Amino acid sequence: MKHFKTFKALMLSVALTAMSLVGIPTDGMAKSKFVFANSSPYDTLDPHVIYDVGRVASRLNMYDGLMRWLDNPPKLTPWLAESYNISADGKTYTFKLRKGATFHDGSPVEAKDVVYSIERILALKKGAFSLFSKSIEPGSTKAPDSHTVVFNLKTASSIFLATVPAIHVVNSDLLKSKEVNGDWGGVWLSKNEAGSGSFELTRYDPAIGFQAKRYADHFMGWGDKYLDEIEFRTVKEINSRVLGLMNGDFHGTDGYLPQDQVKRLKADGNMYVLEEESMRIFYSIIHNGRKPFDDVNLRKALSHAFDYDSFIDNILSGSVARNPVPVPNNIWGNPKGEKGYTFDLEKAKAYLAKVKGPIPEITIGALTGYGQTEQAAALLQNGLSKIGVKSKIVSEPWSVASKKMRDEQQMYDMLWLWRSTYYADPNNWVGEMYACDQVGARNNSWYCDPEVDKLLMEARVEPDQAKRAANYEKAAKMVTDDAGGIFVYNTKWFGPYNKKVKGVRFSPIGNAQEMRWVHME
Amino acid sequence: MRVLALIINRMLWLVPTLVGLMVITFTISHIIPADPIAFFAGENATPEQIEALRVRYGFDKPLYIQLMNYLIGVTNGDLGISIYTQRPISEDLLSRLPATMELTFMAVFFSTLVGIPLGVFAAIYRNSFLDHFLRILTVSGLAIASFWLAILFQLLFAMELQITPLQGRIDGWGPEKITGFFILDSLLVADWESLQSAFSHLILPTLTLAFPAMATIVRFTRAGVLDAINSNYVLYEQAMGLPSKVIIWKYVLRNALIGTVTQIGLIFGILIAGAVVVEAVFDWPGLGLYAVEAIMNSDYNAIMGFTLVTGAFFIIVNLIVDILHGIIDPRTQD
């Protein structure tokens, strides 16, 4: 009997060793792991240094904010905040923090951490800094008690609430202990995390990506279906991402793949593709401040010389939605029913005839590496040649174009690009793109119309959303009538996933990269 | 003693060569009309925010002062901070260098191992079917674009036959880091699973990178052997009745290799440049991908750091080649 027990124990240990060698989990539960192939490299994990959609996964999964954007159209939802109050003058925002939220080291999330986080953003002057630089004075945010935060704004602002999700709350005690030469813990946080989010960091390599495990004590709690581990890897090549998905190496990738690749993935039996209208408009800036582009007739001629249908239906295979105004179709403040311009060379010629003086060769800017901008520039050039206007295409990297965009003299006559979602408020689009106080910064058209500007300025401080919507609708229509730019489409997001992946929730702000809702079947 | 003198001589030249390289790279990277600060600050940044960052990173100073500051930093072992990653450049480079070196060494090793014998056979059996076949193969190796070959290998070996991994450097995150070279680290910690995984992941990128390199080696070896085979000393050895195998592999090859070894030194540099494409396709986390990102972001310090490291590496490899030259042909030491 004794020998039998010894033999049984020996066999059990051999079996366990063998199971572990072939990768069978020995704890009785198969751990679910989701691997995402991302086109942007995770150069840093510091949530206050970066503010782009390409690297949003590290912020959304490892950090929480007072509020969070969820779903599509995006809904602003209290997150670490339990409730909030806005003063009658629109200058004081008071947030009550929910109790029970903890950082990954187990310490409670308190008001002092929120204060530290906003002060850190203001001090580093990076990432989401520009959203708060004009509205919050350093040192003005207070924590009257451990669960109350008061933001005292310099001026009334109706867009502040929409920008609050960008304040990712960091563990202030932990970061203070990691500070070197007053860097706010920057060097340490670029490779580590100090958050309270749904997942906690387990591995990070800037050249590869990051891996995180589920934070079981997250304040939102977990249902019975969840992911145990997530891994976001950098895979630069589109073809490699697609092949990796088909091969089963990855379970998901970005939703802005070329249409031929989307079709390829749709045809694969192991994949499915989620489709959502995002909030990322494609348009051409027209330099309104430069002669002869200050003439509305020339701008209207340009707007009629672009073949919208051909671009959307043929070049992009109908994968986007026509968006004729500088506000996305799927957000309030969009003037519904506005048709915008059509490809009509006769109208273009008629407007051109009204332009006084000679028309110089037009420089059409495009972004190197972003094929659509080059295709749109070529299509416009074709239309312009038919109405007798000479043009040249200049394609340059974003690092070059972004510099020229801020300089009135260096700016191209026209430039094709996208306007992404930084916060889901019409101010993110028409409110910044055509406001006089943003000229040379976020208004790169040098468009400044007193009447439009009045509407936009009113909307920035008006607390009533219905009134704000009316202002934005009117302003968007006026800019379109003025042909302030050539507005083409609103992007559609095609998120490819392995069929095992369930529960994906898309929001234009996070591009479905918040993984707490997802599970594997 | 001669070898030591050669090393000292080359080391003395290393400093001015690298300084020259840095000045050229610095000038070229700074005169292009890009604004890395505006790019890093993002499209939402205000002019004040951009200006504040410009001052913080010293980009507000005249170009010659920026260059002087950089050179002073380099002499103190400080390659600066990446605007984009916010980490020291030396840290970024060191974390990626082993991946590129491992791939490059494997490609050079494979192309040499296969290329030299094939070159010899092509010369021995010149104008035969084998020679013609190798000619087609080598011309293809030089003509076919790396990215196309890489995708072709992926489709065939990883997707269709499923005998190699599609991409990446290893399954998971690799063995315990000692040197950063996965094969070496796997051996040091006796992690056989990682060793197997690292080898299997190396196959396709190595083949892609080695193919054009091998073609060059075959052609040079063939030409060298043909040149040597017609020498008087070969005629003399044949007259002495030495077996042809001994003549070819011991005497002819030694003389024929002089040109090939020079080529191998140059190939190292070409392979590091070629690794940019291969690393992108195979998602290989090396210096090539880092350099591409640095150039696209106009991350000056990163571009300079990459150039400095690859330049120094190239010079050292060529120094080794010169030493090997001396060993193969002692006359060159005179």
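A few notes on this one:
- Pairs, first under 8 Å from A:ALA111 (Cβ atoms) in segment A:139-150, second surrounded by fewer than 17 Cβ atoms within 10 Å (Cβ to Cβ), C-beta under 7 Å, six or more apart: A:ALA143/A:LYS112; A:HIS147/A:LYS99
- Residues satisfying the stated conditions in segment A:191-200, i.e. surrounded by 18 or more Cβ atoms within 10 Å (Cβ to Cβ) and within 13 Å of another protein chain (Cβ to nearest Cβ): A:LYS191
- Top-ranked residue in segment A:160-189 [being crowded, with 18+ Cβ neighbours inside 10 Å and hydroxyl-bearing (Ser, Thr, Tyr); ranked as nearest to A:GLU432 (Cα to Cα)]: A:THR163
- Restricting A:SER135, A:SER87, A:SER107, A:SER157 to residues that are within 14 Å of another protein chain (Cβ to nearest Cβ), among the polar types (S, T, N, Q) and more than 22 Å from A:GLY510 (Cα to Cα) narrows the list to A:SER135.
- Residue check, A:VAL56 farther than 17 Å from A:GLU200 by Cβ, among the hydrophobic types (A, V, I, L, M, F, W, C), in a strand (DSSP E or B) and within 14 Å of chain B (Cβ to nearest Cβ): no
- Taken over segment A:381-431, the criterion of being out of contact with any Gly (no Cβ under 9 Å at 6 or more places or on another chain), more than 8 Å from chain B (Cβ to nearest Cβ) and in a helix (DSSP H, G or I) is satisfied by A:GLN381, A:ASN382, A:GLY383, A:LEU384, A:SER385, A:LYS386, A:ASN428.
- Some residue of segment A:297-316 being within 25 Å of the chain's Cα centre (by Cα) and part of a loop (DSSP other than H, G, I, E, B): yes
- Per-region count, segment A:207-252, residues away from every other protein chain (no Cβ under 11 Å) and touching a Gly at 6+ places or on another chain (Cβ under 8 Å): 7
- Qualifying residue in segment B:37-55 (condition: touching a residue at least 24 places away in the same chain (Cβ under 8 Å), within 14 Å of another protein chain (Cβ to nearest Cβ), crowded, with 17+ Cβ neighbours inside 10 Å and of a type outside the set (A, V, I, L, M, F, W, C)): no
- Taken over segment A:92-129, the criterion of being crowded, with 17+ Cβ neighbours inside 10 Å, in a loop (DSSP other than H, G, I, E, B), at pLDDT below 95 and out of contact with any helix residue (DSSP H, G or I) (no Cβ under 6 Å at 6 or more places or on another chain) is satisfied by A:LYS126, A:GLY127.
- Counting the residues of segment B:151-195 that are over 15 Å from A:GLY248 (Cα atoms), within 12 Å of chain A (Cβ to nearest Cβ) and small (Gly, Ala, Ser) gives 2.
- Scope segment A:237-276; condition acidic (Asp, Glu) and either modelled with pLDDT under 90 or part of a loop (DSSP other than H, G, I, E, B) (or both); matching residues: A:GLU237, A:ASP249, A:ASP254, A:ASP260, A:ASP268
A quick yes/no check of all residues on (1) away from chain A (no Cβ under 14 Å); (2) more than 24 Å from B:ILE89 (Cα to Cα); (3) buried (at least 21 other Cβ atoms within 10 Å of the Cβ); (4) not charged (D, E, K, R):
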{"site": "B:ASN255", "(1), (2), (3), (4)": "yes, yes, no, yes"}
{"site": "B:GLY259", "(1), (2), (3), (4)": "yes, yes, no, yes"}
{"site": "B:VAL278", "(1), (2), (3), (4)": "no, no, yes, yes"}
{"site": "B:VAL292", "(1), (2), (3), (4)": "no, no, no, yes"}
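- The listed residue being touching a residue at least 24 places away in the same chain (Cβ under 8 Å) and not aliphatic (A, V, I, L, M), out of A:GLU276, A:GLU237: A:GLU276
- Once segment A:401-438 is narrowed to residues that are free of Cβ contacts under 8 Å to residues at least 24 places away in the same chain and among the hydrophobic types (A, V, I, L, M, F, W, C), the residue that is surrounded by the most Cβ atoms within 10 Å (Cβ to Cβ) is A:ALA435.
The values are calculated or read from the model by the stated rules, or taken from the named source; none is laboratory data. Source: prediction; values computed, not measured. Positions of Cβ are backbone-derived with ideal geometry, glycine not excepted, and every protein chain shown enters the neighbour counts.
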